Protein chains: 2
Amino acid sequence: MNIGAVAKASGVSAKMIRHYEQIGLIGHSPRTEAGYRQYQERDLHTLKFIRSARDLGFSLDQIHQLLSLWYDEKRSSAEVKQLAESHLSDLDERIQALSAMRDALVRLSESCCGDDRPDCPILEGLAGHGPPDVY
Amino acid sequence: MNIGAVAKASGVSAKMIRHYEQIGLIGHSPRTEAGYRQYQERDLHTLKFIRSARDLGFSLDQIHQLLSLWYDEKRSSAEVKQLAESHLSDLDERIQALSAMRDALVRLSESCCGDDRPDCPILEGLAGHGPPDVY
DNA sequence: CGTTGACCTTCCCATGATGGCAAGGTCTAG
DNA sequence: CTAGACCTTGCCATCATGGGAAGGTCAACG
């Protein structure tokens with residue numbers, strides 16, 4: 001399989017596959033005489049795995065660890081679970097942060113009637129208090 | 001006020017203040033003979049505004065628009081509200097996306113007992129099905 | 001056999017918001 | 001006068017990804 005084929009089949013762009021190879025996330029693939037990268041079914045599995053992990057928001061660094069665990073038959077599932085839980089905390093934090101922004105913004109936005117007049121509680125809220133000095 | 005003073009007072013790092021100046025988010029401040037940037041109360045207000053907007057997750061580009069509206073006494077609050085609502089949609093989307101990841105990951109993680117054995121539904125879930133080929 | 005179009009290669013640059021570091025100039029207090 | 005705190009610019013790094021250019025390769029079709 002050429003890179004375009006695995007890219008399509010795995011859902012990982014060719015660009016990214018090359019990048020993953022360069023940063024060592026995946027191994028160097030063999031090349032044809034012309035220098036074309038050649039991939040096997042096994043590589044496709046790996047790329048699909050990476051794609052799934054990306055879809056769950058794991059960082060490439062975490063995926064590196066996940067792949068190591070995947071390849072390691074002597075792993076303990078506890079190691080995997082710990083990684084997952086750690087990422088879960090991260091997701092929770094990010095959701096919390098965004099939700100806090102959302103709530104604050106909703107509060108501001110609700111207090112603004114959104115008409116033709118310039119008075120706007122949103123801007124006032126951002127400014128801390130009162131209208132700005134003339135600029 | 002030197003840059004360090006406004007930085008401390010506004011909560012925006014000196015580094016970022018220089019950056020905001022460079023990208024045109026804020027104007028070029030006057031300089032002392034030695035080349036030190038000099039700031040007024042007005043600038044402090046602006047930086048606090050920017051800081052608040054960043055805290056709500058607005059992009060620098062959006063903040064640019066917000067500042068223009070803030071300075072524009074002929075604005076309509078509708079314009080401001082539209083910007084806010086647009087950002088709100090963005091936040092909602094991001095929260096949705098992260099929550100979807102979270103939910104999927106929770107489901108996977110719950111199915112993994114996390115013990116000493118290598119069998120791990122998390123890895124299997126990422127792989128799509130079954131254990132990987134030997135690598 | 002030749003050309004065309006789809007594919008591949010590498011290399012460089014861009015994103016967005018921020019931080020770090022280095023080399024050098026300035027200012028202030030002791 | 002000097003030490004230390006502050007300022008300047010400039011370059012590089014993050015993180016994951018995309019874009020594009022310049023050039024090589026391959027397969028199919030006439």
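A few notes on this one:
- Cα pair count fraction exceeding 17 Å, expressed as % - the range B:78-135: 59 percent
- 7 Å along Cα→Cβ, label-point gaps from A:GLN96 to other copies, nm, shortest first: 2.5
- In this simple spin-label approximation, B:LEU60 and A:ASN2 carry label points 7 Å from Cα along the Cα→Cβ vector, and these lie 4.0 nm apart.
- Remark: the protein assembly as shown carries a charge dipole of roughly 760 debye about the Cα centre, counting +1 on each Lys and Arg Cβ and -1 on each Asp and Glu Cβ.
- Within 10 Å of the Cβ of each residue in B:14-23, the mean number of Cβ atoms contributed by other protein chains is 0.
- The overall shape of the range B:1-105, judged from the alpha-carbon gyration tensor, is oblate: a/c is not under 1.5, and a/b is no greater than b/c.
- Occluded residues from the range A:72-91, i.e. those whose accessible area drops by 20 Å² or more once the chain is not alone (1.4 Å probe): A:GLU73, A:ARG75, A:SER76, A:SER77, A:ALA78, A:VAL80, A:LYS81, A:ALA84, A:LEU88, A:LEU91
- Per-q log10 I(q)/I(0), the range B:65-105, q = 0.19, 0.29, 0.30 Å⁻¹ (Debye; single scatterer per alpha-carbon; no solvent): -0.61, -0.90, -0.93
- Across peptide B:35-41, the average count of Cβ atoms from other chains found within 10 Å of a residue's Cβ is 0.
- Neighbouring Cβ atoms from other chains, within 10 Å of the Cβ of residues in A:113-125, number 6 on average.
- Rounded percent of accessible protein surface that carbon and sulfur make up, chain B, 1.4 Å probe: 49 percent
- Rounded Å value of the spacing that divides the Cα centres of the range A:16-59 and the range A:99-130: 47 Å
- Note on A:SER89: accessible area is roughly 60 Å² with a 1.4 Å probe, heavy atoms of protein only.
- Ligands, DNA and RNA are left out, and with a 1.4 angstrom probe the accessible area of the range B:1-76 is 56 Å² per residue.
- Global geometry of the protein assembly as shown, whether rounded, prolate or oblate, following the gyration tensor of its Cα atoms and the 1.5 cut on a/c: prolate
- Relative to the other identical copies, A:ARG117 shows label-point distances of 6.9 nm, where the label point lies 7 Å from Cα along the Cβ direction and values run shortest first.
- Between copies, A:SER13 shows label-point distances of 2.8 nm, shortest first, with the point placed 7 angstrom from Cα along Cα to C-beta.
- Placing +1 on the Cβ of every Lys and Arg and -1 on the Cβ of every Asp and Glu, with nothing else charged, gives the range A:1-75 a dipole about its Cα centre of roughly 160 debye.
The values are calculated or read from the model by the stated rules, or taken from the named source; none is laboratory data. Here the structure is a predicted model, which is why all the values come from computation and not from measurement. All Cβ positions, even for glycine, are placed from backbone atoms using ideal geometry, and neighbour counts span all protein chains on display. Accessible surface areas use protein heavy atoms only, side chains included; no ligands, DNA or RNA. Shrake-Rupley method; radii C 1.70, N 1.55, O 1.52, S 1.80 Å.
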